[in-house]
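Comments concern the structure below.
The values are calculated or read from the model by the stated rules, or taken from the named source; none is laboratory data. None of these values were measured; they are calculated from a predicted model. Cβ placement follows ideal geometry from the backbone for every residue including glycine, while neighbour counts extend to all protein chains displayed.
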Amino acid sequence: MKIFVIIFAVLISACNGMTFNTNLGPYATNKVKTVIVEEYSLAEISKYDATSLGFVEASYCQERLDQPKPSKAALVSDLKVRTHSLGGNGVVLEACGKTAYDMCHEYMECRGVAYAVPPRQSRP
């Protein structure tokens, strides 16, 4: 039993000062931002005394066939992250579509408006 305690103590002290780096932090942070920011229609946002914070845009270019194709869901998530960066908690998607673009097999972009939406509706 003493030998196991000694080995355990040596292993613990050998790991002292070690750090582990991952990209989980930015991924998790962005995931939380997409949950905080809600997507509204133009009719829904008009029911709130929301403050417009400006336009937000996101795009994706599939340069090689072995890369993932652009998806609306991924671009809307990017819009939500950008909305959060402006201090907003709501976004209205204006347009999303694929277009031809040099050097891209497929290109997609989405545009919207970021809003700071109060917690309660104030208009009927």
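So is residue 101 hydroxyl-bearing (Ser, Thr, Tyr) and out of contact with any helix residue (DSSP H, G or I) (no Cβ under 7 Å at 6 or more places or on another chain) or not? Before the answer, list the steps.
On the way: hydroxyl-bearing (Ser, Thr, Tyr): yes; out of contact with any helix residue (DSSP H, G or I) (no Cβ under 7 Å at 6 or more places or on another chain): yes.
So residue 101 passes the test.
Take the conditions (1) at pLDDT 65 or above; (2) outside any loop (DSSP other than H, G, I, E, B); residue 32 misses just one of them, which is (1).
Each residue in region 102-117 was checked for being farther than 14 Å from residue 43 by Cα, outside any strand (DSSP E or B) and touching an Asp or Glu at 6+ places or on another chain (Cβ under 9 Å), and 3 of them qualify. For first residues located in region 94-113 and of a type in the set (Asp, Glu), partners that are part of a loop (DSSP other than H, G, I, E, B) and lie 6+ apart or on another chain with Cβ distances below 9 Å form the pairs 106/69; 106/70; 109/70; 109/101. When region 35-67 is filtered for residues that are over 16 Å from residue 117 (Cβ atoms), of a type in the set (Asp, Glu) and part of a loop (DSSP other than H, G, I, E, B), the ones remaining, listed by number, are 63, 66. Taking the criterion of being outside any helix (DSSP H, G or I) and under 17 Å from the mean Cα position of the chain (by Cα), the residues of region 73-95 that qualify are 86, 87, 88, 89, 90, 91, 92, 93.
When residue 70 is tested against (1) assigned to a helix (DSSP H, G or I); (2) touching an Asp or Glu at 6+ places or on another chain (Cβ under 7 Å), exactly one condition is not met: (1).
Please determine, by comparing only the residues of region 72-124 that are within 21 Å of residue 55 (Cβ to Cβ) and hydroxyl-bearing (Ser, Thr, Tyr), which one is surrounded by the most Cβ atoms within 10 Å (Cβ to Cβ). Within region 72-124, the match that is surrounded by the most Cβ atoms within 10 Å (Cβ to Cβ) is 83.
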